[in-house]
Amino acid sequence: MSDPVPVHDIDPAAASHEGHARPEGRVFDIGYQRYDGPREGRARGRIAVFKDGVRTALGFGRGGRAKILPWSFIALLVFIGFILAMVAGAAFRFAGPEAAEGVPSHSDFYGIASIILFVFAAVVGPELLCPDRRDGVINLYLVRPITATDYIVGRWAAFTAVTLGVALLPQFVLLIGRMMGTPDPVAYLSDHWNDVPKILASGAAIAVYTSTLALLVASFTTRRAYASVFLVGLFIVSTPFTAGLSQELDGALGQWVSMFNLSNIPVHVNDLIFGDVSDITDAAPARELGSSLLFGWWALWVLVPGWLLWIRYRKLTP
Amino acid sequence: MTERPTAETGAPHPAPPLLVACDLVKRYGSVVALDGVSFAIHDGITGILGENGAGKSTAIKIFLGLLQPTSGSALVLGEDASQSTRVRARLGYMPEHDCLPSTVSAAEFLTHMAEVGGLPPSRARTRAADTLRHAGLFEERYRAVGGYSTGMKQRVKLAQALVHDPKMIFLDEPTAGLDPAGREEMLDLVRKTHREFGISILFSSHLMSDVERTCDRIVVLQGGRLVQSGEVRDFTAETRSVFVEVDTNRERLVQELERRGVRVTADAGGFRVEGPDESLYDDVRDAVVDADAPLRRLAPRRRALAELFQGDPTETGEMIGAALPDEGDESPEATP
């Protein structure tokens, strides 16, 4: 926008003629004016949708109540990472390096904390989509220089980025905690540096999966609570149901039933990345399936919900 | 098939029209919302007028690209808004229904909407503050929108339509839900937006008086068809009849008037008197004297926009207020 336009200049000559040494002054119209500044079009619109999605997910720019839920989950996950680091540090100090290696670490973290991440996605994810449709804000987006695809991709990217951050933060707390718990932190880091890309990859796997499913469910209702309850139920109910049934069924059928344990799908990928089996997937018959099948199953559960989500929003515009 | 009216609002314009609807049809299943509507709209404030269900909102949504027409075309600034993000950057829209998030402040929301409209963040913040000042909400801009009154929410809706400085804005029932004072303020704001900043406005309403007081031109829809279009002043021109209102002796006055050969029709608490020529005023004067009827009002009668919805817009003795509920549709020009 242009600077305020001076609507009236006070003539210093006239002022001095009156015998007063007045400074030159200007009266500005600070109200609405036409805009002649840069317009960044669709690219700026996409960035704005992404940025607003991140702010919405974390409760920024909203009241205190909007921050309680996301930050409670973040605090809980960081606390778990911190506790695991403390336990590892204590084990190292009092029982030696071998004992510290036995304490759950990066490869086990998502096995332990994935359910908290799922509930985080279930509770926070719908906030990015449901209010826009319930309040009718979506129409305001669609008459601006972005498309429905820009909107939903921006929202998905924003929530995936937030979920990724929430997934990675405790892992890095754990990494730093374990590093500082040893007498030689630099040596620990040089021994475990290859954990960092694995942490990033497994964090991305769980973030993409949970955010896509959460937003797909949220796209079917304007009520955030309905979406959250459904998602929590889906993740929590699918676990004992598929676990129990897969134990009853032997062989390939049991393995395939186990594949429908929605909580385990990204954890299997985590196991593939770290080359280790975490506690919660250890008992799942699906772990015996091939790595390409496990990875392909995860990809299917990302791509199909992602495609459905896109289709649902694409329909909003002609 | 009957020939449908095609219209260009206003006098001939050198500039190309901002909006062009060409044989626009929109069907929802068996329901026809727009039935072959064609018109062009130029710079200014244009009212799109019609009863509820006439097709006003549908037409606006088609122009904005929110709906696809069943057939025909709708061009805004020379382009189809459903296909062009570039043209949408120059349009603003104030929907009829709720469109505001309840948990964020007006300043936050407008800044975001300006950015979505393509403005850089620092400019968006300034624009949001300036636009809220224009809308009269500067002092309240950091309060959550959910705590605003209906009138304030309407102002925020208008402000978000303006924040990215569009060339044209679409206002869908902008006075809906407002009390008379709020309505007047909103209409002032709309007029100011065009007259001071040159932003063209398409103003949809079913309230005749709002359109009459605000718009330069009108497009009238009824049952999805174009009924009329043109300059508001042409529709509200003086008629050849005179409106007469007296305190007492009404029946005697009617007898005196009829004895003089003029036609008398009951009209909004008074009479509408029609005569062959200018001698009508002399006849009315003499009749009032002879009937000993204390005169309350004598005025040339203007046509009300509401009469556009009646069969013969110049020759009607009944108000149309029942069909289009509103105050003050009848409009005698002056009171004594």
Report summary line: Under the rule rounded for a/c under 1.5, else prolate if a/b exceeds b/c, else oblate, using alpha carbon gyration tensor axes a ≥ b ≥ c, the stretch B:65-215 is classed as oblate
Query raised in the report: Which is farthest toward the positive dipole end of the protein assembly as shown among B:Gln154, A:Ala91, A:Leu293, measuring Cα position about the Cα centre, with Cβ charges +1 (Lys, Arg) and -1 (Asp, Glu)?
Result: A:Ala91
Report summary line: With +1 at each Lys and Arg Cβ and -1 at each Asp and Glu Cβ, the charge dipole magnitude of chain A around its Cα centre, to the nearest 20 debye, comes out at 1220 debye
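What does the charge count near A:Gly63 come to, summing +1 for each Lys or Arg and -1 for each Asp or Glu among other residues with Cβ under 12 Å from its Cβ?
Spelling it out: positives minus negatives among the neighbours equals +3.
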**Report entry** Long-range amide H partners of B:Ala81 with built H, under 5 Å
**Finding:** B:Val76
Query raised in the report: About the Cα centre of the stretch A:58-190, what is the dipole size in debye to 20, counting +1 per Lys and Arg Cβ and -1 per Asp and Glu Cβ, all else neutral?
Result: 540 debye
Query raised in the report: Given +1 on the Cβ of Lys and Arg, -1 on the Cβ of Asp and Glu, and no further charges, what dipole in debye does the protein assembly as shown carry about its Cα centre, rounded to the nearest 20?
Result: 1720 debye
Query raised in the report: Between the stretch B:87-114 and the stretch A:239-305, what's the alpha-carbon centroid distance in Å?
Result: 45 Å
Query - Charge-dipole axis of chain A as Lys and Arg at +1 and Asp and Glu at -1 on Cβ define it, positive-most pick from A:Ser278, A:Leu168, A:Val302 - result: A:Val302
Query raised in the report: With axes computed from alpha carbons, what is the tilt in degrees of helix A:224-248 against the longest principal axis of chain A, rounded to the nearest 10 within 0 to 90?
Result: 10 degrees
Report task. Obtain the nm distance between the two label points defined at B:Ala15 and A:Phe220 by a simple spin-label model: each point lies 7 Å from its Cα along the Cα-to-C-beta direction. Result -> 5.0 nm
Query - Local electrostatic count at A:Ala99 - Lys and Arg +1, Asp and Glu -1, tallied over other residues with Cβ under 14 Å - result: 0
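Computed FRET efficiency, Cβ-Cβ of B:Ala144 and A:Leu293, R0 41 Å: what is it to the nearest 0.05?
0.25
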Report task. From other protein chains only, count the Cβ atoms within 10 Å of every residue's Cβ in B:119-126, then give the mean. Result -> 5
Report summary line: Within the protein assembly as shown, the percent of DSSP beta bridges that are antiparallel, given to the nearest 5, stands at 65 percent
Report task. Measure nothing fancy, just the Cα-based angle from helix A:265-274's long axis to the longest principal axis of chain A, in degrees from 0 to 90, nearest 10. Result -> 80 degrees
Query - Average beta-carbon neighbours from other chains, 10 Å sphere, peptide A:45-52 - result: 5
Report task. Order by neighbour count: A:Leu140, A:Leu272, A:Leu169, fewest other Cβ atoms within 10 Å first, most last. Result -> A:Leu169, A:Leu272, A:Leu140
Report summary line: Quick shape check on the stretch A:43-314: root eigenvalues a ≥ b ≥ c of the Cα gyration tensor, a/c under 1.5 is rounded, otherwise prolate if a/b tops b/c, else oblate, and it reads oblate
Query - Rough spin-label spacing in nm, given labels placed 7 Å along Cα→Cβ, for A:Ala252 and B:Asp188 - result: 7.9 nm
Report summary line: Mean Cβ-within-10 Å packing, highest first, puts peptides B:110-123, A:36-49 in the order B:110-123, A:36-49
Report task. Give the long-range amide H neighbours of B:Ala33: residues separated by 5 or more places, or on another chain, with amide H under 5 Å away, using H modelled in the peptide plane at 1.01 Å from N. Result -> B:Lys26, B:Arg27, B:Tyr28
Report summary line: Once phi for every residue in the stretch A:111-125 is put through the Karplus expression 6.51 cos²θ - 1.76 cosθ + 1.60 (θ = phi - 60°), the whole-Hz ³J(HN,Hα) values, with Gly and Pro written as x, are x, 7, 9, 4, 5, 5, 5, 5, 5, 4, 5, 5, 7, 8, x
Report summary line: Residues whose built amide H sits under 5 Å from the amide H of B:Ile48, excluding neighbours closer than 5 in sequence, are B:Phe203, B:Ser204, B:Ser205, B:Val219
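Among A:Val217, B:Val244, A:Val78, rank each residue by its count of other Cβ atoms within 10 Å, from fewest to most, as a rough exposure measure.
So the ranking, lowest neighbour count to highest, is A:Val78, A:Val217, B:Val244.
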Requested in this report: Check each of the trypsin sites (Lys or Arg not before Pro) in the stretch B:58-98 and keep only those in coil by DSSP with at most 15 other C-beta atoms within 10 angstrom; list them in order.
Outcome: none
**Report entry** Over chain A, relative contact order from alpha-carbon pairs under 8 Å, at least 6 apart, %
**Finding:** 20 percent
Report summary line: Once phi for every residue in the stretch A:86-96 is put through the Karplus expression 6.51 cos²θ - 1.76 cosθ + 1.60 (θ = phi - 60°), the whole-Hz ³J(HN,Hα) values, with Gly and Pro written as x, are 5, 5, 4, x, 5, 5, 4, 5, 9, 10, x
Query raised in the report: How do B:Phe235, B:Phe109, A:Phe295, A:Phe50 line up, fewest other C-beta atoms within 10 Å first?
Result: A:Phe295, A:Phe50, B:Phe235, B:Phe109
Query raised in the report: Restricting the count to DSSP beta bridges whose residues both fall in the stretch B:6-234, what percent are antiparallel, rounded to a multiple of 5?
Result: 50 percent
Query raised in the report: Other chains' Cβ within 10 Å of B:94-102 residues: what's the mean?
Result: 4
Report task. Calculate one ³J(HN,Hα) per residue across the stretch A:282-296 by plugging θ = phi - 60° into the Karplus curve 6.51 cos²θ - 1.76 cosθ + 1.60, and present them in order as whole Hz with x for glycine and proline. Result -> 4, 8, 7, x, 4, 5, 7, 6, x, 5, 5, 5, 5, 5, x
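Bear in mind these aren't lab numbers, they're just calculated from the coordinates by the rules spelled out. The structure displayed is predicted, hence computed values, not measured ones. FYI the Cβ positions are ideal-geometry reconstructions off the backbone, even for glycines, and counts take in every protein chain you see.
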